[in-house]
Amino acid sequence: MLFRSDFIDCILCHRYDPEVNIDELIELFENLIKSGKINYWGITNWSYNKIFEIKKKTTLKNKFIFNRII
């Protein structure tokens with residue numbers, strides 16, 4: 001076993017990939033949160049438009065974090 005933990009505190013997606021469906025990405029991370037595998041998920045280095053798109057679509061808004069690094 002790579003990690004000796006029952007959960008991961010936070011997973012970040014660092015770069016936007018246009019081939020990944022955002023709705024599927026949101027569903028994936030929200031399911032991981034609901035199952036107790038992760039506490040938070042987020043993104044870094046994504047455009048403001050994509051950040052706001054996810055913020056509008058996610059149902060677990062208090063579990064989504066983001067950082068826009070220029």
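The values are calculated or read from the model by the stated rules, or taken from the named source; none is laboratory data. Just so it is clear, the model here is predicted, and its values are computed rather than measured. Neighbour counts are summed over all protein chains in view; Cβ atoms, including those assigned to glycine, are modelled from backbone coordinates with ideal geometry. What goes into the accessible areas is simple: the full protein's heavy atoms, side chains included, and nothing from ligands, DNA or RNA. Shrake-Rupley method; radii C 1.70, N 1.55, O 1.52, S 1.80 Å.
Counting only residues that are among the charged types (D, E, K, R) and under 24 Å from Ser5 (Cα atoms), which one in segment 15-36 is surrounded by the fewest Cβ atoms within 10 Å (Cβ to Cβ)? Walk me through how you get there before you give the answer.
Of segment 15-36, the ones among the charged types (D, E, K, R) are 15, 17, 19, 23-24, 27, 30, 34.
With the extra rule that they be under 24 Å from Ser5 (Cα atoms), the set shrinks to 27, 30, 34.
Values: Glu27: 14, Glu30: 18, Lys34: 12.
The extreme case among them is Lys34.
Please determine, by comparing only the residues of segment 37-54 that are aromatic (Phe, Trp, Tyr) and open to solvent by less than 50 Å² (accessible area, probe 1.4 Å), which one is farthest from the chain's Cα centre (by Cα).
Across segment 37-54, the extreme among qualifying residues is Trp46.
Pairs please, first residue from segment 19-32 and under 16 Å from Lys61 (Cβ atoms), second anywhere and open to solvent by 20 Å² or more (accessible area, probe 1.4 Å) and part of a helix (DSSP H, G or I), Cβ atoms under 6 Å, 6+ apart in sequence or on different chains.
Note: pairs meeting the criteria are Ile26/Lys57.
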